[in-house]
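Following: one structure in structure tokens, then a few remarks.
The values are calculated or read from the model by the stated rules, or taken from the named source; none is laboratory data. Since this is a predicted model, take the numbers as computed values, not measurements. Neighbour counts run over all protein chains shown; Cβ positions are idealised from the backbone, glycine included. Quick note on the areas: whole protein, heavy atoms, side chains included, nothing else; ligands and nucleic acids left out. Shrake-Rupley method; radii C 1.70, N 1.55, O 1.52, S 1.80 Å.
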Amino acid sequence: MDRSLAVERLLRDVPPHDLPGALRAGLGEHFGAEAVELLMADYALTELCQVGEQPYTAEPIPVEGTTPGAAFLTQTAAFSRDGDRVTGYLPVSVRGDRLGVLAVTLPCEPEPPVWAELQRFAEAVAHELFVADRDTDLYIQARRSSRLTLAAEMQWQLLPGRACTRAEFALGGQLEPAYAIYGDCFDWSASARKLAVTLINGMGEGSEAALLTNLAVNALRNARRAGIPLDAQAELADQALYAHYRGEEHVAALLLEFDLGTGAVAVVDAGSPRLWRLRDGKAERILFDEQLPLGTFDGTIYVVEGFQAAEGDRFVFVSDGVYDAVGPHGERYGDRELAEAVTATAELPAAHVPGAVLRELSTRRHGSQVEDDAMVVCLDWFGSTPLSGTGQEPSVTVRRTERAAG
């Protein structure tokens, strides 16, 4: 039996909380590993936290400026040496979602195929972690270098993930402040024919904002999973929010549905999240007819608009915590600054862009604005995949765009 398959079988046979122990035993027996550590990326994606029997018992490792951090950022193996001993840091990721790094120390430099074998095994570990999270808090606890607020706990559990990659697209999203987020949220879901992307900005603060957002996201998921059109999804979510809050609270939302076979994009703009497109090196804001936020009035009717995605397009979505941020002299983080940020991050993978934009934003915020929650989601469109039997293609109207100054 292949060694990595033997270790994978061992992982499947142990209780979910005992994956680190099984890793050490399996890699020690089959690869001669002297030490094995599982490092999980924290919620802010700035630190790698060691998974141990007790949480918070080891100092986190910074992502910036460290060998494990380099493996996490570049998603390629990195190495450190101490005499004959060598430690390989192997990315632990699944479908583009970066979970952390597996550190494996061997007594001497192995043949190159060994590292390739261990890298395939690290990918298998990522799948096991997704399954294990259903039954244990160990890995969720390991991801936090400080305590989350109740609202942040609710929001992070609501997310589909923080990245996703397929042949047609790559997605990445981030929320800040990571340990105290409350009203902002994103959601996505892909099938053979469609990609749904939802950007949410719930009004209010703390757990009340998180409750509002949770209701909105689940109402939209319920409608989407019923297979109804995008405008009807917005209307059903609008009814659910109005029935509960009677118009006193509402949710700004941007709903998109990408046709994976044609690149046609259907859109319902119900509030403040904004969309920027990077095409041929130029950053432009795509404008829609802004409709009422979800839950504002009883029986609101929503209209679907649309545009066409082209191969190589990058789309960056931002909440008002980004474009309404106020600097030390009262200036807003406006269209010019957003265009510069989108252009400056053009060479980064989609999963890295949200964090880079939010870090740049943090240098401009001032005073109470530091604690305003902010959301950035990046979508790279690689091109349509021809599908047989897709049925009738949606009618799409290309919307106007607004070229940023400078």
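What are the residues in region 261-270 that are over 19 Å from Ala167 (Cα atoms) and out of contact with any Asp or Glu (no Cβ under 7 Å at 6 or more places or on another chain), if any?
Ala270, the sole residue that qualifies.
Between Glu153, Glu117, Glu128, which is at pLDDT 95 or above and not in a strand (DSSP E or B)?
Matching residue, one of Glu153, Glu117, Glu128: Glu153.
For a quick check of your reading of the model, give me the residue pairs whose first member lies in region 298-325 and is under 21 Å from Asp184 (Cβ atoms) and in contact (Cβ under 8 Å) with a residue 12 or more places away in the chain, whose second is assigned to a loop (DSSP other than H, G, I, E, B) and small (Gly, Ala, Ser), with beta-carbon atoms closer than 6 Å and at least 6 apart or on different chains.
Close Cβ pairs satisfying both conditions: Asp320/Ser272.
Among the residues of region 165-196, what is the count of those that are touching a residue at least 60 places away in the same chain (Cβ under 8 Å), closer than 25 Å to Ser362 by Cβ and part of a strand (DSSP E or B)?
10
Which residues, taken from region 180-226, are of a type in the set (Phe, Trp, Tyr) and either within 15 Å of the chain's Cα centre (by Cα) or open to solvent by less than 10 Å² (accessible area, probe 1.4 Å) (or both)?
Answer for region 180-226, where residues must be of a type in the set (Phe, Trp, Tyr) and either within 15 Å of the chain's Cα centre (by Cα) or open to solvent by less than 10 Å² (accessible area, probe 1.4 Å) (or both): Phe186, Trp188.
Please determine, by comparing only the residues of region 329-351 that are part of a helix (DSSP H, G or I) and of a type in the set (Val, Ile, Thr), which one is farthest from Gly204 (Cα to Cα).
In this case the residue turns out to be Thr343.
Can you confirm whether Ser395 is within 20 Å of Leu255 (Cβ to Cβ) and either modelled with pLDDT of 95 or more or among the hydroxyl-bearing types (Ser, Thr, Tyr) (or both)?
The answer is yes for Ser395.
What's the total number of residues in region 57-76 that are assigned to a loop (DSSP other than H, G, I, E, B), over 22 Å from the mean Cα position of the chain (by Cα) and surrounded by 15 or more Cβ atoms within 10 Å (Cβ to Cβ)?
Looking only at that region, the number is 1.
When the residues of region 1-27 are filtered to those that are open to solvent by 60 Å² or more (accessible area, probe 1.4 Å) and assigned to a loop (DSSP other than H, G, I, E, B), which remaining residue is modelled with the lowest pLDDT?
The residue in question is Met1.
Could you tell me which residue of region 98-141 is surrounded by the most Cβ atoms within 10 Å (Cβ to Cβ), considering only residues that are within 18 Å of Val14 (Cα to Cα) and of a type in the set (Val, Ile, Thr)?
Val125
Would you point out the residue of region 340-369, among those that are modelled with pLDDT of 95 or more and polar (S, T, N, Q), that is least open to solvent (accessible area, probe 1.4 Å)?
Among them, the one singled out is Thr345.
Looking at this structure, is Gly406 at pLDDT 85 or above, at positive phi and not in a strand (DSSP E or B)?
no
In region 303-328, what count of residues is obtained for those that are in a loop (DSSP other than H, G, I, E, B) and of a type outside the set (S, T, N, Q)?
11
Residues of region 155-179 being open to solvent by 40 Å² or more (accessible area, probe 1.4 Å) and either of a type in the set (Asp, Glu) or under 17 Å from Gly321 (Cβ atoms) (or both), which ones?
Scanning region 155-179 gives a single hit, Glu176.
Would you check if Asp289 is over 22 Å from the mean Cα position of the chain (by Cα) and surrounded by 23 or more Cβ atoms within 10 Å (Cβ to Cβ)?
no
When only residues in region 253-263 that are within 23 Å of the chain's Cα centre (by Cα) and open to solvent by 10 Å² or more (accessible area, probe 1.4 Å) count, which is farthest from Gly312 (Cα to Cα)?
So, considering only residues that are within 23 Å of the chain's Cα centre (by Cα) and open to solvent by 10 Å² or more (accessible area, probe 1.4 Å), the one farthest from Gly312 (Cα to Cα) is Glu257.
With the requirement that a residue be in contact with a helix residue (DSSP H, G or I) (Cβ under 7 Å, 6 or more places away or on another chain) and within 15 Å of Ala70 (Cα to Cα), what does region 32-51 give you?
Within region 32-51, Leu39, Met40, Ala41, Leu45, Leu48, Cys49 meet the criteria.
Which condition from (1) under 21 Å from the mean Cα position of the chain (by Cα); (2) crowded, with 24+ Cβ neighbours inside 10 Å is the one that Leu278 breaks?
Tallying (1) under 21 Å from the mean Cα position of the chain (by Cα); (2) crowded, with 24+ Cβ neighbours inside 10 Å, Leu278 fails exactly one: (2).
Checking Asp231 against (1) more than 22 Å from the chain's Cα centre (by Cα); (2) farther than 23 Å from Gln308 by Cα; (3) of a type in the set (D, E, K, R), only one condition comes out false. Which one?
(2)
Taking the stated definitions as given, is Ile228 assigned to a loop (DSSP other than H, G, I, E, B) and at pLDDT 95 or above?
Yes; evaluated as a whole, the condition is true for this residue.
Scan region 28-55 residue by residue and report those that are of a type outside the set (D, E, K, R), open to solvent by 40 Å² or more (accessible area, probe 1.4 Å) and within 24 Å of the chain's Cα centre (by Cα).
Within region 28-55, Thr46, Gln50 qualify.
Can we say Asp238 is farther than 20 Å from Tyr43 by Cα and open to solvent by less than 50 Å² (accessible area, probe 1.4 Å)?
yes
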